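See below for the structure under consideration.
The values are calculated or read from the model by the stated rules, or taken from the named source; none is laboratory data. None of these values were measured; they are calculated from a predicted model. Quick reminder, even Gly has a Cβ in these numbers, built from the backbone with ideal geometry, and neighbours come from all protein chains shown. The protein model used for the area step is the full one, side chains on, heavy atoms only, and it has no ligands, DNA or RNA in it. Shrake-Rupley method; radii C 1.70, N 1.55, O 1.52, S 1.80 Å.
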Amino acid sequence: MKILVTGGTGYIGSHTVVELQNQGFEVVIVDNLSNSSEEIVGQIEKITGIRPILEVFDLVNREKTADFFKRNSDIKGVIHFAASKAVGESVVKPLEYYRNNLVSLMNILESMKENQIPYIVFSSSCTVYGQPDELPVSEKAPIKKAESPYGNTKQISEEILQDTIKTSEIKTIALRYFNPIGAHESALIGELPLGVPNNLVPFITQTAIGIRKELKVFGGDYPTIDGTPIRDYIHVVDLAKAHVVAVRRMIEDKMKNGFEVFNLGTGKGYSVLEVINAFEKISGEKLRYKIVDRREGDVIEVWADPTFSNEELGWKAEKGIEEMVASAWKWEQAYRKNELLK
Ligand code: UD1
(Lines give C-alpha, C1' and ligand atoms only; values in the text may rest on other atoms or scores of the structure.)
Protein backbone atom coordinates (compact mmCIF):
# COMPACT_ATOMS: atom_id res chain seq x y z
CA MET A 1 0.00 0.00 0.00
CA LYS A 2 1.54 3.25 -1.20
CA ILE A 3 1.65 6.32 1.06
CA LEU A 4 2.91 9.76 0.06
CA VAL A 5 4.92 11.42 2.80
CA THR A 6 5.52 15.10 2.07
CA GLY A 7 8.49 16.47 3.97
CA GLY A 8 9.63 12.89 4.45
CA THR A 9 13.31 13.80 4.75
CA GLY A 10 12.58 16.22 7.60
CA TYR A 11 12.71 15.54 11.31
CA ILE A 12 9.28 14.05 12.05
CA GLY A 13 8.82 12.94 8.44
CA SER A 14 11.92 10.74 8.35
CA HIS A 15 10.99 8.99 11.60
CA THR A 16 7.51 8.38 10.23
CA VAL A 17 8.85 6.92 6.98
CA VAL A 18 10.86 4.43 9.06
CA GLU A 19 7.78 3.36 11.03
CA LEU A 20 5.66 3.08 7.86
CA GLN A 21 8.26 0.93 6.13
CA ASN A 22 8.72 -1.20 9.25
CA GLN A 23 5.01 -1.94 9.06
CA GLY A 24 5.03 -2.88 5.40
CA PHE A 25 3.87 0.32 3.73
CA GLU A 26 5.44 1.48 0.48
CA VAL A 27 6.55 5.08 0.80
CA VAL A 28 7.14 7.81 -1.72
CA ILE A 29 8.59 11.04 -0.38
CA VAL A 30 8.17 14.48 -1.88
CA ASP A 31 10.48 17.11 -0.42
CA ASN A 32 12.05 20.34 -1.66
CA LEU A 33 15.05 19.75 0.66
CA SER A 34 14.72 23.34 1.93
CA ASN A 35 15.47 22.24 5.49
CA SER A 36 16.80 18.70 5.05
CA SER A 37 19.15 16.63 2.99
CA GLU A 38 18.91 13.93 0.35
CA GLU A 39 21.26 11.75 2.44
CA ILE A 40 18.36 11.01 4.78
CA VAL A 41 16.93 8.45 2.34
CA GLY A 42 20.20 6.51 2.66
CA GLN A 43 19.95 6.68 6.44
CA ILE A 44 16.36 5.42 6.28
CA GLU A 45 17.59 2.57 4.08
CA LYS A 46 20.26 1.69 6.67
CA ILE A 47 17.56 1.40 9.35
CA THR A 48 14.82 -0.38 7.39
CA GLY A 49 16.66 -2.06 4.52
CA ILE A 50 14.42 -0.24 2.06
CA ARG A 51 15.28 2.92 0.17
CA PRO A 52 12.16 5.07 -0.12
CA ILE A 53 11.56 6.83 -3.42
CA LEU A 54 12.31 10.54 -3.20
CA GLU A 55 11.04 13.15 -5.65
CA VAL A 56 12.54 16.58 -5.16
CA PHE A 57 10.22 19.44 -6.02
CA ASP A 58 8.20 22.16 -4.36
CA LEU A 59 4.56 21.40 -3.61
CA VAL A 60 3.85 25.12 -3.97
CA ASN A 61 4.23 24.49 -7.71
CA ARG A 62 0.76 23.53 -8.93
CA GLU A 63 1.87 21.97 -12.26
CA LYS A 64 4.60 19.83 -10.72
CA THR A 65 2.25 18.71 -7.96
CA ALA A 66 -0.51 17.81 -10.45
CA ASP A 67 1.98 15.94 -12.63
CA PHE A 68 3.33 14.00 -9.64
CA PHE A 69 -0.15 12.90 -8.55
CA LYS A 70 -1.09 11.91 -12.10
CA ARG A 71 1.95 9.64 -12.22
CA ASN A 72 1.22 8.29 -8.73
CA SER A 73 -2.55 7.97 -8.71
CA ASP A 74 -2.21 4.61 -6.93
CA ILE A 75 -1.30 6.45 -3.72
CA LYS A 76 -3.70 5.37 -1.01
CA GLY A 77 -3.13 8.22 1.41
CA VAL A 78 -1.03 11.28 2.15
CA ILE A 79 0.82 12.31 5.29
CA HIS A 80 1.53 15.99 4.91
CA PHE A 81 4.51 17.26 6.90
CA ALA A 82 6.10 19.62 4.38
CA ALA A 83 5.89 23.11 5.85
CA SER A 84 7.95 25.91 7.34
CA LYS A 85 7.96 25.79 11.13
CA ALA A 86 10.11 28.48 12.69
CA VAL A 87 7.87 30.70 14.81
CA GLY A 88 10.21 33.74 14.90
CA GLU A 89 11.00 33.58 11.19
CA SER A 90 7.28 33.52 10.38
CA VAL A 91 6.85 36.88 12.10
CA VAL A 92 9.54 38.38 9.86
CA LYS A 93 8.40 36.64 6.65
CA PRO A 94 4.63 36.20 6.99
CA LEU A 95 3.84 36.02 3.28
CA GLU A 96 6.46 33.34 2.69
CA TYR A 97 4.90 31.31 5.48
CA TYR A 98 1.34 31.72 4.21
CA ARG A 99 2.38 30.88 0.66
CA ASN A 100 4.53 27.91 1.54
CA ASN A 101 2.24 26.32 4.12
CA LEU A 102 -1.16 27.09 2.58
CA VAL A 103 -0.60 26.95 -1.18
CA SER A 104 1.12 23.56 -0.89
CA LEU A 105 -1.81 22.19 1.11
CA MET A 106 -4.32 23.50 -1.44
CA ASN A 107 -2.31 22.04 -4.33
CA ILE A 108 -2.21 18.66 -2.63
CA LEU A 109 -5.95 18.69 -1.90
CA GLU A 110 -6.80 19.65 -5.49
CA SER A 111 -4.64 16.84 -6.80
CA MET A 112 -6.13 14.40 -4.32
CA LYS A 113 -9.60 15.31 -5.59
CA GLU A 114 -8.54 14.96 -9.22
CA ASN A 115 -7.08 11.52 -8.59
CA GLN A 116 -9.65 10.22 -6.09
CA ILE A 117 -7.12 9.87 -3.28
CA PRO A 118 -9.25 9.89 -0.17
CA TYR A 119 -7.05 10.21 2.93
CA ILE A 120 -4.78 12.86 4.40
CA VAL A 121 -3.06 13.05 7.77
CA PHE A 122 -2.17 16.63 8.60
CA SER A 123 0.63 17.91 10.90
CA SER A 124 -1.04 20.32 13.24
CA SER A 125 0.23 21.76 16.50
CA CYS A 126 -0.75 22.41 20.10
CA THR A 127 0.01 26.02 19.25
CA VAL A 128 -3.63 26.25 18.07
CA TYR A 129 -4.69 26.21 21.76
CA GLY A 130 -2.51 29.21 22.72
CA GLN A 131 -2.41 29.44 26.52
CA PRO A 132 -5.34 27.15 27.36
CA ASP A 133 -7.76 28.15 30.11
CA GLU A 134 -7.77 24.62 31.47
CA LEU A 135 -4.99 22.08 31.83
CA PRO A 136 -4.49 19.44 30.66
CA VAL A 137 -5.78 20.57 27.27
CA SER A 138 -8.19 18.30 25.42
CA GLU A 139 -9.25 18.43 21.78
CA LYS A 140 -12.44 20.20 22.88
CA ALA A 141 -10.54 23.28 24.10
CA PRO A 142 -11.22 26.44 22.10
CA ILE A 143 -8.83 27.58 19.40
CA LYS A 144 -7.16 30.83 20.51
CA LYS A 145 -6.01 33.63 18.25
CA ALA A 146 -2.65 32.59 16.81
CA GLU A 147 0.46 34.23 18.27
CA SER A 148 2.40 34.02 15.00
CA PRO A 149 1.87 33.63 11.24
CA TYR A 150 3.26 30.09 11.63
CA GLY A 151 0.57 29.26 14.22
CA ASN A 152 -2.02 30.90 12.01
CA THR A 153 -1.06 28.69 9.06
CA LYS A 154 -1.84 25.65 11.23
CA GLN A 155 -5.23 27.06 12.20
CA ILE A 156 -6.11 28.09 8.64
CA SER A 157 -4.94 24.71 7.31
CA GLU A 158 -7.30 22.93 9.68
CA GLU A 159 -10.12 25.19 8.43
CA ILE A 160 -9.22 24.51 4.78
CA LEU A 161 -9.36 20.80 5.51
CA GLN A 162 -12.66 21.07 7.38
CA ASP A 163 -14.24 22.93 4.45
CA THR A 164 -12.78 20.56 1.88
CA ILE A 165 -14.15 17.39 3.43
CA LYS A 166 -17.67 18.82 3.18
CA THR A 167 -17.55 18.95 -0.60
CA SER A 168 -15.36 15.98 -1.49
CA GLU A 169 -14.60 12.37 -0.65
CA ILE A 170 -11.47 13.44 1.22
CA LYS A 171 -11.17 12.49 4.88
CA THR A 172 -8.71 14.11 7.27
CA ILE A 173 -7.00 13.31 10.53
CA ALA A 174 -5.30 16.37 12.04
CA LEU A 175 -2.68 15.47 14.62
CA ARG A 176 -1.88 18.23 17.07
CA TYR A 177 1.70 17.70 18.21
CA PHE A 178 2.95 18.92 21.54
CA ASN A 179 6.77 19.23 21.72
CA PRO A 180 8.50 16.49 19.71
CA ILE A 181 12.09 15.79 20.77
CA GLY A 182 14.60 12.92 20.65
CA ALA A 183 15.85 10.76 17.83
CA HIS A 184 15.71 7.24 16.45
CA GLU A 185 17.51 4.72 18.68
CA SER A 186 19.93 3.90 15.84
CA ALA A 187 21.15 7.54 15.91
CA LEU A 188 21.04 7.41 12.10
CA ILE A 189 18.29 10.03 11.88
CA GLY A 190 17.36 12.88 14.20
CA GLU A 191 16.68 16.59 14.33
CA LEU A 192 18.99 18.68 12.15
CA PRO A 193 18.20 22.34 12.62
CA LEU A 194 19.81 24.70 10.13
CA GLY A 195 21.89 27.38 11.84
CA VAL A 196 21.15 28.37 15.41
CA PRO A 197 18.40 26.13 16.82
CA ASN A 198 15.19 27.77 17.98
CA ASN A 199 14.03 24.79 19.96
CA LEU A 200 15.15 23.79 23.42
CA VAL A 201 16.58 20.29 23.05
CA PRO A 202 18.78 20.83 19.97
CA PHE A 203 20.11 23.94 21.71
CA ILE A 204 20.92 21.88 24.80
CA THR A 205 22.74 19.15 22.86
CA GLN A 206 24.63 21.66 20.69
CA THR A 207 25.73 23.53 23.82
CA ALA A 208 26.88 20.33 25.49
CA ILE A 209 28.91 19.34 22.44
CA GLY A 210 30.53 22.77 22.30
CA ILE A 211 28.93 24.38 19.24
CA ARG A 212 27.03 26.93 21.36
CA LYS A 213 28.58 28.80 24.26
CA GLU A 214 25.65 28.56 26.62
CA LEU A 215 21.92 27.96 26.66
CA LYS A 216 19.71 30.92 27.36
CA VAL A 217 16.73 29.92 29.47
CA PHE A 218 13.99 32.29 28.43
CA GLY A 219 12.44 33.51 31.67
CA GLY A 220 12.79 32.36 35.26
CA ASP A 221 9.87 34.24 36.74
CA TYR A 222 6.88 32.35 35.37
CA PRO A 223 4.24 31.17 37.86
CA THR A 224 5.40 27.52 37.67
CA ILE A 225 7.20 25.15 40.05
CA ASP A 226 10.65 26.56 39.29
CA GLY A 227 9.82 29.74 37.33
CA THR A 228 10.43 28.25 33.85
CA PRO A 229 7.73 27.35 31.30
CA ILE A 230 6.21 23.90 31.13
CA ARG A 231 5.72 21.82 27.97
CA ASP A 232 4.60 18.32 27.08
CA TYR A 233 7.68 16.79 25.43
CA ILE A 234 7.02 13.70 23.34
CA HIS A 235 9.51 11.28 21.78
CA VAL A 236 9.56 11.66 18.00
CA VAL A 237 9.34 7.87 17.54
CA ASP A 238 6.14 7.75 19.63
CA LEU A 239 4.84 10.58 17.47
CA ALA A 240 5.83 8.79 14.25
CA LYS A 241 4.01 5.64 15.36
CA ALA A 242 0.80 7.63 15.85
CA HIS A 243 0.89 8.53 12.15
CA VAL A 244 0.92 4.88 11.16
CA VAL A 245 -2.04 4.27 13.48
CA ALA A 246 -3.85 7.22 11.87
CA VAL A 247 -3.21 5.90 8.36
CA ARG A 248 -4.52 2.48 9.32
CA ARG A 249 -7.60 4.02 10.93
CA MET A 250 -8.40 5.77 7.65
CA ILE A 251 -7.74 2.81 5.40
CA GLU A 252 -9.66 0.43 7.63
CA ASP A 253 -12.61 2.84 7.55
CA LYS A 254 -12.68 3.38 11.29
CA MET A 255 -13.09 7.15 11.26
CA LYS A 256 -16.15 8.45 13.08
CA ASN A 257 -16.41 11.51 10.84
CA GLY A 258 -14.58 13.09 7.92
CA PHE A 259 -12.45 15.40 10.04
CA GLU A 260 -10.91 14.07 13.22
CA VAL A 261 -8.45 15.76 15.57
CA PHE A 262 -6.12 14.10 18.05
CA ASN A 263 -3.67 15.47 20.59
CA LEU A 264 -0.27 13.82 20.47
CA GLY A 265 1.35 14.33 23.83
CA THR A 266 2.29 12.30 26.90
CA GLY A 267 -0.02 14.08 29.33
CA LYS A 268 2.92 15.10 31.51
CA GLY A 269 4.54 18.52 31.60
CA TYR A 270 8.18 19.34 32.31
CA SER A 271 9.75 22.71 33.02
CA VAL A 272 12.81 23.89 31.10
CA LEU A 273 14.96 23.32 34.19
CA GLU A 274 13.60 19.80 34.56
CA VAL A 275 14.59 19.04 30.96
CA ILE A 276 18.08 20.43 31.66
CA ASN A 277 18.32 18.29 34.82
CA ALA A 278 17.24 15.19 32.90
CA PHE A 279 19.90 15.94 30.30
CA GLU A 280 22.66 16.43 32.90
CA LYS A 281 21.68 13.20 34.58
CA ILE A 282 21.74 11.00 31.49
CA SER A 283 24.79 12.62 29.89
CA GLY A 284 26.92 13.23 32.95
CA GLU A 285 27.66 16.66 31.42
CA LYS A 286 27.29 19.93 33.26
CA LEU A 287 25.33 22.24 30.98
CA ARG A 288 26.28 25.90 30.75
CA TYR A 289 23.13 27.97 30.92
CA LYS A 290 21.83 31.26 32.23
CA ILE A 291 18.36 32.59 32.85
CA VAL A 292 17.54 35.59 30.66
CA ASP A 293 14.41 37.57 29.76
CA ARG A 294 11.25 35.85 28.61
CA ARG A 295 10.90 35.07 24.90
CA GLU A 296 8.04 36.88 23.23
CA GLY A 297 5.08 34.69 22.36
CA ASP A 298 5.91 31.85 24.77
CA VAL A 299 2.98 30.42 26.68
CA ILE A 300 3.48 29.71 30.40
CA GLU A 301 2.44 26.11 30.45
CA VAL A 302 0.73 23.57 28.24
CA TRP A 303 0.36 19.84 28.38
CA ALA A 304 -1.98 17.44 26.70
CA ASP A 305 -4.93 15.45 27.80
CA PRO A 306 -4.15 12.42 25.63
CA THR A 307 -7.19 10.42 26.80
CA PHE A 308 -9.07 10.70 23.52
CA SER A 309 -6.02 9.64 21.45
CA ASN A 310 -5.25 6.81 23.85
CA GLU A 311 -8.77 5.44 23.77
CA GLU A 312 -9.84 6.17 20.22
CA LEU A 313 -6.55 5.47 18.43
CA GLY A 314 -5.36 2.79 20.84
CA TRP A 315 -2.05 4.66 20.84
CA LYS A 316 -0.03 5.85 23.80
CA ALA A 317 3.31 7.65 24.09
CA GLU A 318 5.63 5.19 25.80
CA LYS A 319 8.99 6.85 26.20
CA GLY A 320 9.87 9.00 29.20
CA ILE A 321 11.83 12.26 29.38
CA GLU A 322 15.21 10.63 30.14
CA GLU A 323 14.93 8.32 27.16
CA MET A 324 13.97 11.31 25.01
CA VAL A 325 16.97 13.44 25.94
CA ALA A 326 19.32 10.42 25.92
CA SER A 327 18.38 9.64 22.32
CA ALA A 328 18.79 13.30 21.32
CA TRP A 329 22.25 13.31 22.92
CA LYS A 330 23.27 10.05 21.25
CA TRP A 331 22.16 11.48 17.89
CA GLU A 332 24.05 14.76 18.38
CA GLN A 333 27.26 12.90 19.21
CA ALA A 334 26.91 10.43 16.33
CA TYR A 335 26.10 13.17 13.86
CA ARG A 336 29.07 15.38 14.83
CA LYS A 337 31.42 12.40 14.68
CA ASN A 338 30.27 11.65 11.14
CA GLU A 339 30.69 15.28 10.17
CA LEU A 340 34.29 15.20 11.39
CA LEU A 341 34.97 12.03 9.43
CA LYS A 342 33.77 13.60 6.16
C1 UD1 B 1 7.35 26.07 19.40
C2 UD1 B 1 5.99 26.48 18.89
C3 UD1 B 1 5.27 25.28 18.33
C4 UD1 B 1 6.12 24.61 17.28
C5 UD1 B 1 7.42 24.17 17.93
C6 UD1 B 1 8.32 23.47 16.94
C7 UD1 B 1 5.04 28.36 20.10
C8 UD1 B 1 4.15 28.81 21.21
N9 UD1 B 1 5.19 27.06 19.95
O10 UD1 B 1 7.14 25.34 20.59
O11 UD1 B 1 4.07 25.68 17.74
O12 UD1 B 1 5.43 23.52 16.76
O13 UD1 B 1 8.09 25.33 18.46
O14 UD1 B 1 9.07 24.33 16.18
O15 UD1 B 1 5.60 29.16 19.42
N16 UD1 B 1 13.61 27.59 25.47
C17 UD1 B 1 14.66 28.18 26.15
N18 UD1 B 1 15.81 28.43 25.48
C19 UD1 B 1 15.99 28.12 24.15
C20 UD1 B 1 14.91 27.52 23.46
C21 UD1 B 1 13.74 27.27 24.16
O22 UD1 B 1 14.55 28.49 27.35
O23 UD1 B 1 17.06 28.39 23.60
C24 UD1 B 1 12.37 27.29 26.20
C25 UD1 B 1 11.16 28.05 25.66
O26 UD1 B 1 11.03 29.29 26.30
C27 UD1 B 1 10.03 27.07 25.99
C28 UD1 B 1 10.68 25.70 25.94
O29 UD1 B 1 12.09 25.93 26.02
O30 UD1 B 1 9.61 27.29 27.31
C31 UD1 B 1 10.37 24.97 24.66
O32 UD1 B 1 10.68 25.83 23.57
P33 UD1 B 1 10.73 25.31 22.05
O34 UD1 B 1 11.53 24.07 21.98
O35 UD1 B 1 11.16 26.47 21.21
O36 UD1 B 1 9.25 24.91 21.75
P37 UD1 B 1 7.89 25.75 21.91
O38 UD1 B 1 8.15 27.20 21.93
O39 UD1 B 1 7.13 25.18 23.04
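Please turn the phi angles of segment 122-139 into ³J(HN,Hα) values with the Karplus equation 6.51 cos²θ - 1.76 cosθ + 1.60 (θ = phi - 60°), one per residue in order, whole Hz, x for glycine and proline.
Ordered by residue, 3J(HN,Hα) equals 10, 6, 9, 8, 5, 4, 5, 8, x, 8, x, 6, 10, 10, x, 9, 9, 5 Hz.
Distance cut-off 30 Å, Cα to Cα: go down the list K144/K166; K254/K330; K93/K216 and report the pairs above it.
Listed pairs above 30 Å: K254/K330.
What angle, in degrees between 0 and 90 and rounded to the nearest 10, separates the Cα long axis of helix 11-22 from the longest principal axis of the Cα atoms of the chain?
Rounded to the nearest ten degrees, it is 60.
Grab the DSSP H runs of the chain that are 4 residues or longer, score each as -39,500 (n - 2.57), total them, divide by all residues and round the 222 nm result to the nearest 500 deg cm²/dmol.
It lands at -12000 deg cm²/dmol.
Report the one residue of A304, I209, I225 whose Cα lies farthest in the direction of the positive end of the charge dipole of segment 197-342 (charges on C-beta: Lys and Arg +1, Asp and Glu -1; origin at the Cα centre).
Sorting the options by dipole projection puts first I209.
On average, how much accessible surface per residue is there in segment 1-154, in Å², for a 1.4 Å probe, leaving out ligands, DNA and RNA?
Accessible area per residue: 44 Å².
Ranked highest first by the average count of other Cβ atoms within 10 Å around their residues, in what order do 252-258, 3-9, 299-305, 236-242 fall?
Values: 252-258: 10.9, 3-9: 27.1, 299-305: 20.9, 236-242: 23.6.
Top of the packing list down: 3-9, 236-242, 299-305, 252-258.
If I fit a long axis through the Cα atoms of helix 200-209 and take the longest principal axis of the Cα atoms of the chain, what angle between them do I get, 0 to 90°, rounded to 10?
60
What fraction of the Cα pairs in segment 1-124, stated in percent, has a spacing above 23 angstrom?
Values: 2085 of 7626 pairs.
The calculated P(r) of segment 1-124 puts 27 percent of pairs beyond 23 Å.
Between beta-carbons, use under 10 Å as the cut-off and find the net charge around G151, counting Lys and Arg +1, Asp and Glu -1.
Local charge sum for G151: +2.
Might you report the magnitude of the Cβ-based charge dipole of segment 1-99 about its Cα centre, with Lys and Arg at +1 and Asp and Glu at -1, to the nearest 20 debye?
Roughly 220 debye for segment 1-99.
Out of the DSSP beta bridges found with both residues in the chain, what percent are antiparallel (nearest 5)? Write out the running numbers ahead of the final one.
On the way: 2 of 41 bridges.
Expressed as a percentage, antiparallel bridges in the chain total about 5.
Ranked from highest to lowest mean number of other Cβ atoms within 10 Å per residue, what is the order of the peptides 74-80, 309-315?
Highest-to-lowest ranking by the protection proxy: 74-80, 309-315.
Could you pull out every residue, at least 5 positions away or on a different chain, whose amide H is within less than 5 Å of the one on A174? Hs are placed 1.01 Å off N in the peptide plane, and Pro or chain starts have none.
F122, E260, V261, F262
Taking only the Cα atoms of the chain, how large is their convex hull per residue, in Å³?
Spelled out: Cα convex hull of the chain, divided by residues, is 129 Å³.
In debye to the nearest 20, how big a dipole does the chain give about its Cα centre with +1 on each Lys and Arg Cβ and -1 on each Asp and Glu Cβ?
Rounded to the nearest 20 debye, it is 440 debye.
Suppose every K and R has +1 on its Cβ and every D and E has -1 on its Cβ; what is the size of the dipole of segment 54-135 about the Cα centre, in Debye to the nearest 20?
Around 200 debye, computed over segment 54-135.
Out of residues 5 or more away from N115 or on other chains, whose amide H comes under 5 Å of its own, with H placed 1.01 Å from N in the peptide plane?
Here the answer is none, since no amide H 5 or more places off falls under 5 Å of that of N115.
³J(HN,Hα) across segment 225-242 via Karplus (A = 6.51, B = -1.76, C = 1.60, θ = phi - 60°), whole Hz, x for Gly/Pro?
Each residue of segment 225-242 in turn: 3, 10, x, 10, x, 10, 9, 9, 7, 10, 5, 4, 6, 4, 5, 4, 4, 4 Hz.
Return one number: the angle in degrees, 0 to 90 and rounded to the nearest 10, between the long axis of the Cα atoms of helix 149-166 and the longest principal axis of the Cα atoms of the chain.
With both axes taken from Cα atoms, the answer is about 30 degrees.
Carbon and sulfur: what percent of the chain's accessible surface (1.4 Å probe)?
So the carbon and sulfur contribution to the accessible surface is 49 percent.
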